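The values are calculated or read from the model by the stated rules, or taken from the named source; none is laboratory data. This structure is a prediction, so every number in the text was calculated from the model and none was measured. With ideal geometry, Cβ positions are generated from the backbone for all residues, glycine too; neighbour counts draw on all protein chains shown. Each accessible area value is taken on the protein alone, full model and side chains, heavy atoms only, with ligands, DNA and RNA left out. Shrake-Rupley method; radii C 1.70, N 1.55, O 1.52, S 1.80 Å.
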Amino acid sequence: MADDLSRRKFIGVGSAALAAVAGLQVAEGQEKKVIRSSDHHLTNETEPGPKNSVLDKENPSSVWAPETDAGGQQPFKYSFSLSHKRLEEGGWTRQVTVRDLPISKKVAGVQMRLIKGGIRELHWHVGAEWALMLYGSARITAVDQEGRSHVSDVNAGDLWIFPGGIPHSIQGIGDDGCSFLLVFDDGNFNEFETFLLTDWIAHTPPEILAKNFDAAENPFAKSPKKELFIFERPLPRPLAEEQKAAEAGTGRVPHAFDFRPSEMKPNKKAKGGEVKIIDRKIWPATNIAAAIVTLKPGGLRELHWHPNEDEWQYYVTGKGRMTVFAAGGRARTMDFEEGDVGYIDKSVPHYIENTGDTDLVFIEVFPTPFYEDISLAEWLAHTPSRLVDQHLDSGEAMLNAIPRAEAVIKP
């Protein structure tokens, strides 16, 4: 009985296997069914029912991902347009932090607008503040640990850095004020919870203030009882006059807190665009590294990764797309345009391509003093070609033709 059962089981398994093989043979003889089309007209590609057509149009790489995308890579994009805007008499501000973009653990960003005369009040942060002027002009002030002063005027395209703990202020002085981007080396940063001068004074006992400033009574009795944050006042005195007064007795900070990328040559320039790298090598005051990238239509920020820190991006103008390969067979492509923020973890490979018909300009910011990257092409060019060919079967001639110097921008 047992032998009979075993024989029937074997025959059943064998029959199933033969049927499976026969099915494969039939399938192999048939033309493979197409399940994707370039214009998405196939029945299985249609999207009946409600949809956000405007958002779909802005994100084609999410709606119709490249076939090379796979797995559950978390989103690495957020737009300032989705952020709450705090409106004050002197301007407004909004932020993108880890609370909005969970992958952005080490860096947060703030957009701020100051009207002419608008002041972001005297304050400081635990973390460092790196800034890019987007529009107009501003007067910035700061004082370092030895009482040395920095007072300067910055214009569109200029940068500044205020290391953690350094008290500072910003005032719009352009005909239409100014707007700027702030980047902080802390994903949990909160622009609405900073150390403010007025707030501190309001929460210090009057007798302590009097004793601290050798006064008979509180010298700040008329100070506001609530933070000013962003407020409007008359324009500052002439720059030279304010610099002279602020520097009296202690002098100026040894390394300027502002920097003008417009005065430097690109580190890399090609038909497809250019890149300017600004880190401590050329700006001694900074502890945050950055790259300003311009891609011409069709230009590519080549396949690469950054081995020393996470990368925070801000898209200034134009349109592009980025694919991030997150290991474990995971990859995702997302589309970007001006006002969007991108984020890539340390050592995670990616590229950025200009998909528009105008220049794509974006910044890469890193919470470290020095910029580092490794390109795929440079890696392969400096690895024995036989070894690489044994992996990729590309032919050694192709590998030997790869330029030995990093391109950064293609073509």
Inset, instruction - Under a cut-off of 13 Å between alpha-carbon atoms, report the aspartates and glutamates in cross-link reach of residue 268, not counting same-chain residues fewer than 8 places apart. - result: 302, 406
Inset, instruction - Using a 1.4 angstrom probe on heavy atoms only, work out the carbon and sulfur share of the accessible area of the range 86-137 in %. - result: 61 percent
Inset, instruction - Just read off the accessible area of residue 39 with the full protein assembly in place, 1.4 Å probe, to the nearest 10 Å². - result: 100 Å²
Inset, instruction - Rounded to the nearest 0.05, what FRET efficiency do residue 201 and residue 52 give with R0 = 51 Å and r taken as the Cβ-Cβ distance? Could you check? - result: 0.60
Inset, instruction - Determine the per residue accessible area of the range 312-385 with all protein chains present and a 1.4 angstrom probe, expressed in square angstrom. - result: 37 Å²
Legend entry - Where the Cα pairs of the chain fall when distances are cut into 10 Å bins, in %: 4, 17, 25, 20, 13, 9, 5, 3, 2, 1, 0, 0
Inset, instruction - Quick one: of 85/116; 105/346; 319/410; 265/346; 271/319, which pairs are farther than 23 Å apart, Cα to Cα? - result: 265/346
Legend entry - Cα shape, the range 83-157, gyration tensor, a/c 1.5 rule: oblate
Inset, instruction - Write down Rg/Rh for the range 162-220, rounded to two decimals, with Rg from the C-alpha atoms and Rh from the Kirkwood relation over Cα pairs. - result: 1.10
Inset, instruction - For the range 43-111, report the accessible area per residue in Å² (1.4 Å probe, heavy atoms, rounded to an integer). - result: 58 Å²
Legend entry - Loop chymotrypsin sites (Phe, Trp or Tyr not before Pro), the range 180-272 (other Cβ atoms within 10 Å of the site Cβ: 13 or fewer; DSSP): 192, 213
Inset, instruction - Towards the positive end of the charge dipole of the chain, with charges on Cβ (+1 Lys, Arg; -1 Asp, Glu), say which of 218, 375, 266 has the farthest Cα. - result: 375
Inset, instruction - Quick one: grab Rg to one decimal and Dmax as a whole number for the range 126-174, Cα atoms only, in Å. - result: 10.9, 32
Legend entry - Heavy-atom accessible surface of the range 184-295: percent carbon and sulfur, 1.4 Å: 53 percent
Legend entry - Rounded if a/c under 1.5, otherwise prolate or oblate - the range 283-338, Cα gyration tensor axes: oblate
Inset, instruction - With a 1.4 Å probe and every protein chain left in place, work out the accessible area per residue of the range 175-261 in Å², rounded to a whole number. - result: 64 Å²
Inset, instruction - Whole Å is fine, so just give me how far the alpha carbon centre of the range 274-295 lies from that of the range 122-171. - result: 17 Å
